[in-house]
Structure formats: structure tokens, C-alpha cells
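Colleague: For reference, the structure I am asking about is given below.
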Protein chains: 2
Amino acid sequence: MELLKQRILRDGKSLSKEVLRVDNFINHQLDPQLLMAIGVEFARRFSYGRVNKILTIEASGIAPAVMTGYCMGIPVVFAKKSLPKTMENPLVSSVHSFTKDTDYSIIVNRDYIKKGDRVLCIDDFLAYGSAAEALCEIVEQSGATLVGIGILIEKVFQGGGNKLRERGIRVESLTRIEELDEGVIKFCE
Amino acid sequence: MELLKQRILRDGKSLSKEVLRVDNFINHQLDPQLLMAIGVEFARRFSYGRVNKILTIEASGIAPAVMTGYCMGIPVVFAKKSLPKTMENPLVSSVHSFTKDTDYSIIVNRDYIKKGDRVLCIDDFLAYGSAAEALCEIVEQSGATLVGIGILIEKVFQGGGNKLRERGIRVESLTRIEELDEGVIKFCE
């Protein structure tokens, strides 16, 4: 997606071989017009899939997911990172954060993703794939069908995307980065 | 806002004199069409204010804030609840959660709310007012101007809204609840 690529080149900050900061338009400050364009693009790419529910993770996934849900006319569920007091018997999966070198759980109310649902998972980054795999596991646990995964920025060199594709999962990344280094952002051709 | 009121009556769950659960359309599962209608309404109510930035708190504030930002054509900043490694010298304020009886910090990058900005704060609930006061304090610290506060659901009986109004702050609540009890939701006239 050319619009997102150009925005990353303009406003993204490549801090190392691993880390791309996009917190002035995706992760902390948000550009709603760009996010709506992202929603339109995901709706187009997954229009074939009879998707009836979107699943994402708080907090950075919410904005692109809600715009996609708006464009597709379907509800969005965001997985929580802490268990609310009043939630009984939730769907739970575990994510390893390589950036922070910690594990955390993601939690979804069983009422909101169910057998018969056709689910599109949305997330901002795809790196080693741990968060995306946890979303897939939530969908599996629920008995719903996974239609695919929509990603804003795939760091291809960290391998998570291809691991998922090898399992037969449709992964649509709006931008794909081949290489990062301080001040360098190189997209795949 | 009649649409939101009817939705609360249909899908909200009043669990006690204090707690209203709206997690099937606002807090966990989201209805993007309803959220867009909310964005349109906030844009209308604050159209006079030359607002150029929206400030909210992760995670539940993000969806209504990004829809409002879309309708107004301006960026959204969401305050974080934990300090990212790479953020230096942030704006910080403290929130007391009466539901969980804990305190937490909210954190905003100083680059994104600045002197000269005219800020609209958006949040899902207004109860005792601690989160809204923390947002006001972030705006004050930054040197920006607070135009007002937009709230989806004000629990009027918990007093936070009127405390803010007494300080001369414009608070626009889309729905105002006078009384809650198990199975009872009574709106203000």
C-alpha cells in the first residue's frame, strides 16, 4: 500500500536492525484519515471471505481494526491483556514479546468469538509472529474459522509472516520490510 | 444521544449501584457504525472550538476518539498506561481507579501535545472524574488549551462531571445516567 509506505518513509524512525518506531501516526499519535484508508484496503483484500468479525489486540490494533470493521460493516473484538474481574471462562492465549523479553496473556470473552464466526485478525506489526499466532489460537479455541490476518507492517526478516503462510494461513501485509538499520528502511520489491 | 441511550438500554448490563457493563459494544466488542455516529456527534458539538488535536486514554477511549478525529480531520493521541522504553521526558499524570482501587500513571509524549494546540479530550466513562482530571492535567502541563471533554456515558451520581463543570470546563456527555441498580438503568431527563 503505497500511501502507508510513503508515510513510513516520511515519519517512521528506524532505530536499529530490529526496531521501527511509528508512534507519531500508528502507535501513540494516530492519523485517522490514514487509518480509514487502511480499513478500506483491508476490506477490499478480504472482501471474498464472508468475514463477520474482526479480532485484534489492545491497544495499537484497535484503531486500524475499528476502521476495517466500519468499512466491512461488522463488529470488532479487541483481546485484553489483563483479565477483567467479571469475565468467566475466557479464551486465553500467550504472547512472547521479543522487544520486552516478557510473556503476557491475551484474553477474549467466549461470547464474542464463537463457532460459526468467520474471523479476520488485524494487527499493526508482524515480526516473529507471536502475537499473530496467539490470535490464531484464540480463533481455534473458539471453534470459529480464521479467514486471514491483516497486518500494517510486516518485518519480513524476522520470519513470523512466512511461518504463518507455511501453515496455509492467508497473511495480507500492507507493507513489507526487508531490512532495517539506523536510519535505513528498505521495503521488499 | 438517543442512539447510544437505546443501545445501552438494549445491550448494557447494570450489575450494581455502581457498575454498568457495556463490553459488548464499547469496551471489548466494538460496534464501528455506532462509534462513527458518536464521532459525528462529538464533531458537531465541538465544531465551534478550533480543535486541532484529540487526547484519550488506552484502550477503551481509542475507538470513539479515532472516529471523532476522522470526522474532524485531526490527529488523535492516546495516553499510555506504561512508559515505553524510548520515551524521554514525557507528560505524566496519575489516575485513581475506584473500580479496582488502584492508582496508575498515564503518559504522553511531549512532542504530540504542545503549546498552541487546542485539545478535545474523549473518554468512554465519566464517573468520579479521576481519568478526566488526569487528561486535563496532561493538557495543562503541555501548555496547550483544553477546549472540552467529550464522554460517552456519564454516571452523574458519582459526581465527576459536575466537579469538572464547576471548574469551568465544558463537558459534553452523550448519555447521562442518574441511577443504576441491578437490572436498572435510569437516565437523566
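Colleague: Taking the condition within 12 Å of chain B (Cβ to nearest Cβ), farther than 20 Å from B:Asp11 by Cα and either open to solvent by less than 60 Å² (accessible area, probe 1.4 Å) or not hydroxyl-bearing (Ser, Thr, Tyr) (or both), does A:Met67 pass? Can you show your working first?
Modeller: Details: within 12 Å of chain B (Cβ to nearest Cβ): yes; farther than 20 Å from B:Asp11 by Cα: yes; either open to solvent by less than 60 Å² (accessible area, probe 1.4 Å) or not hydroxyl-bearing (Ser, Thr, Tyr) (or both): yes.
Taking the combined requirement at face value, the residue satisfies it.
Colleague: Looking only at residues in segment B:3-24 that are at the interface with chain A (Cβ under 9 Å from one of its Cβ atoms) and touching a residue at least 40 places away in the same chain (Cβ under 8 Å), which one is least open to solvent (accessible area, probe 1.4 Å)?
Modeller: Per the stated criteria, the residue is B:Val19.
Colleague: Exactly one of these conditions fails for A:Val147: (1) under 27 Å from A:Arg21 (Cα atoms); (2) assigned to a strand (DSSP E or B); (3) more than 14 Å from every other protein chain (Cβ to nearest Cβ). Give me its number.
Modeller: Of everything listed in (1) under 27 Å from A:Arg21 (Cα atoms); (2) assigned to a strand (DSSP E or B); (3) more than 14 Å from every other protein chain (Cβ to nearest Cβ), A:Val147 misses just condition (1).
Colleague: Could you please let me know if A:Cys121 is touching a Leu at 6+ places or on another chain (Cβ under 9 Å) and part of a helix (DSSP H, G or I)?
Modeller: Values: touching a Leu at 6+ places or on another chain (Cβ under 9 Å): yes; part of a helix (DSSP H, G or I): no.
Against the criterion (touching a Leu at 6+ places or on another chain (Cβ under 9 Å) and part of a helix (DSSP H, G or I)), A:Cys121 does not qualify.
Colleague: Next question, about the same structure. Which of the numbered conditions does A:His28 fail, given that it passes all the others? Conditions: (1) at the interface with chain B (Cβ under 8 Å from one of its Cβ atoms); (2) open to solvent by 50 Å² or more (accessible area, probe 1.4 Å).
Modeller: It fails just one condition, (2).
Colleague: Among the numbered criteria (1) within 10 Å of chain B (Cβ to nearest Cβ); (2) open to solvent by 30 Å² or more (accessible area, probe 1.4 Å); (3) charged (D, E, K, R); (4) touching a residue at least 60 places away in the same chain (Cβ under 8 Å), which one does A:Lys81 miss?
Modeller: (4)
Colleague: Please tell me if A:Met72 is more than 13 Å from every other protein chain (Cβ to nearest Cβ), in contact with a strand residue (DSSP E or B) (Cβ under 8 Å, 6 or more places away or on another chain) and open to solvent by 10 Å² or more (accessible area, probe 1.4 Å).
Modeller: Values: more than 13 Å from every other protein chain (Cβ to nearest Cβ): no; in contact with a strand residue (DSSP E or B) (Cβ under 8 Å, 6 or more places away or on another chain): yes; open to solvent by 10 Å² or more (accessible area, probe 1.4 Å): yes.
Against the criterion (more than 13 Å from every other protein chain (Cβ to nearest Cβ), in contact with a strand residue (DSSP E or B) (Cβ under 8 Å, 6 or more places away or on another chain) and open to solvent by 10 Å² or more (accessible area, probe 1.4 Å)), A:Met72 does not qualify.
Colleague: Report the residue count in segment B:124-144 for those that are away from chain A (no Cβ under 14 Å), more than 15 Å from B:Ser94 (Cα to Cα) and outside any strand (DSSP E or B).
Modeller: Qualifying residue count for the region: 2.
Colleague: Cβ contacts < 7 Å: first residue more than 18 Å from B:Val171 (Cβ to Cβ) and among the polar types (S, T, N, Q), restricted to segment B:31-55; second residue in a helix (DSSP H, G or I) and modelled with pLDDT of 95 or more, any location; separation 6+ or different chain. Result?
Modeller: Note: pairs meeting the criteria are B:Gln33/A:Tyr70.
Colleague: Further question: If you go through segment A:84-104 one residue at a time, how many are loosely packed, with under 12 Cβ neighbours inside 10 Å, under 30 Å from B:Glu18 (Cα atoms) and within 13 Å of another protein chain (Cβ to nearest Cβ)? Please lay out each step first, then the result.
Modeller: From segment A:84-104, those loosely packed, with under 12 Cβ neighbours inside 10 Å are A:85-86, A:88-89, A:100-103; that's our starting set.
Those still in the list that are under 30 Å from B:Glu18 (Cα atoms) too: A:85-86, A:88-89.
Now drop any that are not within 13 Å of another protein chain (Cβ to nearest Cβ), which leaves A:85-86, A:88.
Residues in segment A:84-104 being loosely packed, with under 12 Cβ neighbours inside 10 Å, under 30 Å from B:Glu18 (Cα atoms) and within 13 Å of another protein chain (Cβ to nearest Cβ): 3 in total.
Okay, residues lined up against (1) buried (at least 21 other Cβ atoms within 10 Å of the Cβ); (2) over 15 Å from the mean Cα position of the chain (by Cα):
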residue: A:Ala131; (1), (2): yes, no
residue: A:Thr145; (1), (2): no, yes
residue: A:Lys155; (1), (2): yes, no
residue: A:Gly160; (1), (2): yes, no
residue: A:Ile169; (1), (2): no, no
residue: A:Glu178; (1), (2): no, yes
residue: A:Ile185; (1), (2): no, yes
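Colleague: Go through (1) touching a Gly at 6+ places or on another chain (Cβ under 8 Å); (2) within 9 Å of chain B (Cβ to nearest Cβ); (3) crowded, with 21+ Cβ neighbours inside 10 Å and name the single condition A:Leu120 misses.
Modeller: Failed condition: (2).
The values are calculated or read from the model by the stated rules, or taken from the named source; none is laboratory data. Just so you know, these numbers come straight off a predicted model, no measurement behind them. Please note: Cβ atoms are built from the backbone with ideal geometry, for glycine as well, and neighbour counts cover all protein chains shown. Heads up: the accessible areas ignore ligands, DNA and RNA and are worked out on the full protein's heavy atoms, side chains in. Shrake-Rupley method; radii C 1.70, N 1.55, O 1.52, S 1.80 Å.
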